[in-house]
Amino acid sequence: MAAFPNPCLPACLLVLTLFRLSRPDSAPFHVIGPAEPVVAAVGDDAELPCHLSPGASAERTELRWLRGAAAVLAAAYRGRATLADGHLAAGRVAVRIHRVRAADDGEYRCLFWQDGRSAEASVRLKVAALGSDPHIHMEVQESGAIWLECTSAGWYPEPQVQWRTSEGETFPSASESRNPDEEGLFTVAASVTIRDTSVKNVSCHFRNLLLGQEKEVGVSIPAPFFPRLPPWMVAVAVILMVLGLLTIGSIFCTWRLYRERSIQRRDEFSSTEKLLEELKWKKATLHAVDVTLDPDTAHPHLFLYEDSKSVRLEDSRQKLPEKPQRFDSWPCVLGRETFTSGRHFWEVEVGDRADWAVGVCRENVVKKGFDPMTPENGFWAVELYGNGYWALTPQRTPLPLAGPPQRVGVFLDYESGDVSFYNMASGAPIYTFSKAAFSGPLRPFFCLWSCGKKPLTICPATGGPERVTVVVDAKDSTKAIPLSPIREDPASGDTDTLHSKLIPTQPSQGAP
């Protein structure tokens, strides 16, 4: 049986040997190959056949495959050639070349040798490859002519290139380049220049004559970009273009100047607005009042300090007498002071404690249940809840503050319907409820949403000597006493107001 030589043997020659089985046959013989060339595509397998004539057995002969003057199946074919299943008894043999390459194209010889006599036949192998889809690159030249270049890669043998119009008229390329790659496959580029403006569509065709197949691509020729104009029209067009550019530049400069002035005016307005806010804040402090907490309104989980200035929320619940003015659901407490007119200012030390709300509310707000704390229900307040600051509007307005306030100032202007809040560290405004239609008495309002040792503390009044009149009991509007900015003890005389646990006052109003 025939076999390939060991790789250690010389690579220039591979002999396929059919072992001699008995004494030689002295009868003459001929070798016949296929009448037509064997065609194989790149990457496919090709089988080259030949046979003895007359149909004698090939079992007692020696077989060699040659290409030109050199032996076939040398180093270039190692691992790619095998002896095909043939019919040795009938004198038919074939060699199969796997994964055909462009370099395999050529003439092969099938040589039989027996007892010093030989005969051979030629087998022609034609390799073919169909290239990639063509691509057309188009450029418009200064003269208005259209330059087209059509390229495609991976052809073997070299393809035929042809240009055609939409009417089927053919014309040759102005230039062509054909460059083989490392595998021997050709990349072809063909170019043409179209000067005839009546040509609208052009197609490029690459044809492999051996396979009888082709690939094509078409392109639409655009209308002329610049029709031929008289010189005076060209001059007018250039002048108009220059005037247009000057106009655009003038408009741009004017816009830029206007923008710079707008920014300057905005900065000036912003500075004026900041000054007005600062003046408003300083003016508000002139109306400072001394506010204290009313234990009769405090939720049972709220624990007041002895000076009625500080309060904190605890998990334990106090046993307190049920009163209509006491909050039973929201952990809130009101100030004793009642305002029906004028301007009033007080400060609340919130420190770094979490979850609080401060503001004002109507004296007759619903204190039982969980009615929303909104202006519609008589509350005008801001809060810290979670990680955000909010104004208690119907949709809860977020407050983008520059930093967490340690002390919050509350300014009530009853006649104007305004409730403003300030960061007392910087005087920066926090939020303002404006144009509210107040009716009836208003009282300071405080809420704590989480427990902690750090209390919420009302700061002592530090304003000027202005005295204000506040209504102590809304039920008896004739009972009123003057309050100075320096705190005085309440004169209500109510002996049944404090049944809650009072926390001793600390030297400092910070955390106990």
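Under the convention that each Lys and Arg Cβ holds +1 and each Asp and Glu Cβ holds -1, the size of the dipole of region 105-149 around its Cα centre is about 480 debye.
The simple spin-label model puts a point 7 Å past each Cα toward its Cβ; for T187 and R117 those points are separated by 5.6 nm.
Our coupling estimate for region 124-129, obtained by passing each phi through the Karplus curve with A = 6.51, B = -1.76, C = 1.60 and θ = phi - 60°, is 9, 10, 10, 9, 9, 9 Hz, Gly and Pro reported as x. Its Cα centre serving as origin, region 407-467 has a Cβ charge dipole (Lys and Arg +1, Asp and Glu -1) of approximately 360 debye. Near the amide H of V350, within less than 5 Å, lie the amide hydrogens of R407, V408, all on another chain or at least 5 residues away, with H placed in the peptide plane.
Of the listed peptides 181-192, 412-423, what is their order by residue-averaged count of other C-beta atoms within 10 Å, with the highest listed first?
Numbers: 181-192: 17.0, 412-423: 19.2.
Put in order of decreasing packing, that is 412-423, 181-192.
Among Y385, F339, G369, which residue has its Cα furthest toward the positive end of the charge dipole of region 288-390, with +1 on Lys/Arg Cβ and -1 on Asp/Glu Cβ? Farthest towards the positive pole: G369. Measuring spread by the Cα atoms of region 294-394 yields a radius of gyration and Dmax of 13.7, 39 Å.
Residues whose amide H comes within less than 5 Å of that of S53, counting only those at least five positions distant or on another chain, are H30, V31, I32 (H built at 1.01 Å from N in the peptide plane). Each residue of region 354-367 was assigned a 3J(HN,Hα) from its phi angle through the Karplus expression (A = 6.51, B = -1.76, C = 1.60, θ = phi - 60°), giving 9, 6, 8, 8, 9, x, 10, 8, 5, 5, 9, 5, 5, 9 Hz with x at Gly and Pro. For the peptides 126-134, 114-122, 309-317, 233-241, the ranking by packing is 126-134, 309-317, 114-122, 233-241, with the highest mean count of neighbouring Cβ atoms within 10 Å listed first.
Overall shape: prolate for region 82-220, with the ratio a/c of the largest to smallest alpha carbon gyration tensor axis at 1.5 or above and a/b above b/c.
In this structure, the amide hydrogen of V123, modeled 1.01 Å from its nitrogen in the peptide plane, lies closer than 5 angstrom to those of Y108, R109, C110, counting only residues at least 5 positions away or on a different chain. The overall shape of region 359-455 is oblate: from the C-alpha gyration tensor, with semi-axes ordered a ≥ b ≥ c, the ratio a/c is 1.5 or greater and a/b is no larger than b/c. In sequence order, region 134-145 has phi-based couplings of x, 9, 10, 9, 10, 9, 9, 7, 4, 6, x, 5 Hz under the Karplus curve 6.51 cos²θ - 1.76 cosθ + 1.60, θ = phi - 60°, and Gly or Pro positions carry x. Based on C-alpha pairs under 8 angstrom that are at least 6 apart in sequence, region 290-354 has a relative contact order of 40 percent.
Of H51, H205, H30, the residue with the largest accessible area leads and the full order is H30, H51, H205 (1.4 Å probe).
You can think of it this way: the chain between S250 and S198 has 14.4 nm of extra reach, that is 0.36 nm per residue less the Cα-Cα gap.
Projecting the Cα atoms of Q162, H135, S152 onto the charge dipole of region 77-171, computed from C-beta unit charges around the Cα centre, puts S152 farthest toward the positive end.
The values are calculated or read from the model by the stated rules, or taken from the named source; none is laboratory data. It should be emphasised that the depicted structure is a prediction, and the values quoted were computed from it without experimental measurement. Reconstructed Cβ throughout: ideal geometry from the backbone, glycine too, with neighbour counts over all protein chains shown. Accessible surface is based on the protein model in full, side chains and every heavy atom, while ligands, DNA and RNA are left aside. Shrake-Rupley method; radii C 1.70, N 1.55, O 1.52, S 1.80 Å.
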